[in-house]
Amino acid sequence: MTHLDIVWHPEMFHGRGWRPSGFDGWYFKVVDPSERHVWAIIPGIWMDRDPAKQYCFIQFLDGRTGRTTMHRYPAQQFWSSRERFDVAVGRSRFSLTSMHVDIDDPDLHLKGDLQFSQSQGWPIRPWAPGAMGPFAFLPFLEGYHAVTNVDPRIVGSLSEGGDEMDFTGGRAYMERDWGSAFPRAWVWTQSNHFDEDH
């Protein structure tokens, strides 16, 4: 993909023919209706000039407890569609409308399926194609950011350690980052839980 292709399709995998070294990652925040389970599931891939250093991964974050785990896979276990955002890491698969998670590691057993509806992306305008505004056009930045799904509703459940959690009726949020390096420091806030819809 050229840089302009990436500007207009920030949700898709950008690693083909653009950067010899860099990362591509997607962030899924899911919250059950009771708000007792606030989880982030982050699939991604690190591409390196040295093939031996390449790997893909899924990171898990528990927003209530602060627990975090990282699950690495050989780069060959990463797959992506050329037509749309649809990626697989190991036995797990992610898109704007669904998530299938299958992680079976000593420090995390997470499985299940979630569907996302009422999707709403960030407004795309000729002068501001996404959350970065006109800065998205600059081809030399270390990192780029996009908001890909603002407030979808969830149908489905996830099982963590054998305990099944029903996320149906909960809310999600999706974004992504890519580039040659992640920022050393940043300020970030996000909220889509309010008493009333507007």
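The values are calculated or read from the model by the stated rules, or taken from the named source; none is laboratory data. The model shown is predicted, which means the values in this text are computed figures rather than measured ones. Ideal geometry is used to build each Cβ from the backbone, glycine not excepted, and the neighbour counts take in all protein chains shown. Surface areas here come from the heavy atoms of the whole protein model, side chains and all, with no ligands, DNA or RNA. Shrake-Rupley method; radii C 1.70, N 1.55, O 1.52, S 1.80 Å.
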> Expressed as a whole number of Å, what is the distance separating the alpha-carbon centroids of the range 48-99 and the range 127-144?
Replying inline: 24 Å
> Roughly speaking, what is the stretch gain from Ser81 to Trp127, that is 0.36 nm per residue apart minus the C-alpha to C-alpha distance, in nm to one decimal?
Replying inline: 13.8 nm
>> Could you give the length gained by full extension between Arg49 and Glu164, i.e. 0.36 nm per residue of separation minus their alpha carbon distance, to one decimal place?
In response: 37.3 nm
> Can you give the accessible area per residue of the range 3-179, in Å², using a 1.4 Å probe?
Replying inline: 49 Å²
> Leaving out ligands, DNA and RNA, what percent of the accessible area of the range 51-142 is carbon and sulfur, probe 1.4 Å?
Replying inline: 54 percent
>> As a test of the formula, what do you get for the chain when each DSSP H run with n ≥ 4 contributes -39,500 (n - 2.57) and the sum is divided by the residue count, at 222 nm and rounded to the nearest 500 deg cm²/dmol?
In response: -500 deg cm²/dmol
>> About the Cα centre, and with charges only on the beta carbon of Lys, Arg (+1) and Asp, Glu (-1), how big is the dipole of the chain? Nearest 20 debye, please.
In response: 700 debye
> Among Lys29, Lys111, Lys53, what's the order by accessible area (1.4 angstrom probe), most exposed first?
Replying inline: Lys53, Lys111, Lys29
> Which residues make up the longest stretch of the chain clear of GluC sites (Glu not before Pro) that lie in a DSSP loop with no more than 12 other Cβ atoms within 10 Å, not counting the sites?
Replying inline: 84-141
>> For Cα extents along the principal axes in Å, pick the label among (1) 76, 58, 32; (2) 45, 44, 33; (3) 62, 34, 29 that corresponds to the value derived from the coordinates.
In response: (2)
>> Loop only by DSSP, 16 or fewer other Cβ within 10 Å of the Cβ. Give me the chymotrypsin sites (Phe, Trp or Tyr not before Pro) in the range 94-189 that pass, ordered by residue number.
In response: Trp127, Phe140, Trp186, Trp188
